[in-house]
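The block underneath contains the structure these notes are about, expressed in structure tokens.
Every read-out reported here was derived from the displayed coordinates using simple, explicitly stated rules and does not represent laboratory data. Note that this is a predicted model, so its numbers are computed, not measured. Please note: Cβ atoms are built from the backbone with ideal geometry, for glycine as well, and neighbour counts cover all protein chains shown.
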């Protein structure tokens, strides 16, 4: 890994999403530009953990973290999702972040289980927004797109294709019909919540060997990142003002899922002291990286816009 891990690591949204007046941009001109890191969600994870790429068996890794029973079984993530039709097809608007209660999740799953049982699969509700399928050992898995690849796009561009994918397309269509009929979705809409009208299948495979990481710990609300940290036997903490304020060298603070405006309004007062007192690597989800050290404040000759 090329990242200078002795520095605190700050994983941020894509640089283009930061407006010119964002306070974080003021810290870039005097910082050292580093070689580009991984771009996108899985690309960024691959910078911090070995053997993480588009084919990472996220289902088995997250199931082991949540339930501890992944074993050598074959797993597939089946995360609750919200899709909506438009003039150009059906778009994936949200996946795994639908603010479900466990009671709601179990109610939806109870309706869906017969369809999965008929297909020889067992549906497990590992957490309200994270579901898993335990598959027969001889199941042939096509390439499933990770949610980040499909969010906001037409589903037809990301569903498994060809004869191998037909079984999964038919199964997903049956699941969508069942969910569309569920009375809980009417209730959720009256509460201003998105419906659960699809599942997103991705991250299939068996539990891999533990990854390697030079990090000492991670601060994140992201399940896969925390699960990888657990597999690598490094510390992991949920993202709170207290955990971020206490972050030290060789720790990763994950903010890449937040709107930059939220970082400015809710987190900047905590992040600025970190930048002032220790070296920090700023890793944007679009791949750009800078290292900012406390001594860089004396680089007065470096103008804005660098």
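Our estimate of slack between residue 212 and residue 167, defined as 0.36 nm per intervening residue step minus the Cα-Cα distance, is 12.6 nm. When Rg and the Kirkwood radius Rh are both evaluated on Cα atoms of region 168-306, their ratio Rg/Rh stands at 1.10. Any idea how far the Cα center of region 120-144 sits from the one of region 22-66, in Å? Computed from Cα coordinates, the inter-centre distance equals 25 Å. Using a simple spin-label model with pseudo-atoms 7 Å out from Cα toward Cβ, residue 222 and residue 122 lie 3.1 nm apart. The mean sequence separation of alpha-carbon pairs under 8 Å and at least six residues apart, normalised by the residue count of region 155-306, gives a relative contact order of 12 percent.
Taking 42, 271, 12 in turn, the Gaussian network model of the chain (Cα-Cα springs below 10 Å) assigns the largest fluctuation to 271. Using a Gaussian network model on the chain with a 10 Å cutoff between Cα atoms, which of 18, 284, 49 fluctuates the most? Maximum among the listed residues: 18.
Considered as an equivalent ellipsoid built on the Cα gyration tensor, region 69-205 has semi-axes of 22, 19, 13 Å, the largest given first.
Residue separation times 0.36 nm, minus the C-alpha to C-alpha distance between residue 277 and residue 149: what's the value?
Numbers: separation 128, 0.36 × 128 = 46.08 nm, distance 3.66 nm.
Gain on extension, residue 277 to residue 149, equals 42.4 nm.
Taken over the chain, the convex hull of the Cα atoms encloses 147 Å³ per residue. In degrees from 0 to 90, rounded to the nearest 10, what is the angle of the helix 102-118 Cα long axis to the longest principal axis of the chain? For 102-118 against the chain, the angle is about 50 degrees. Of 210, 220, 198, the residue with the greatest mean-square motion in the GNM of the chain, using alpha carbon springs below 10 Å, is 210. Distance from the alpha carbon centroid of region 249-287 to that of region 160-228 works out to 28 angstrom.
When only Cα pairs under 8 Å and 6 or more residues apart are kept, what is the percent relative contact order across the chain? Dividing the mean separation by the residue count of the chain yields 34 percent.
Extension gain for the segment residue 69 to residue 262, taken as residue separation times 0.36 nm less the Cα-Cα distance, is 65.8 nm to one decimal. At 222 nm, what helix-only mean residue ellipticity would the chain give, in deg cm²/dmol to the nearest 500, using -39500 (n - 2.57) for each DSSP H run of four or more? After summing the helix terms and dividing by the residues of the chain, the value is -9000 deg cm²/dmol.
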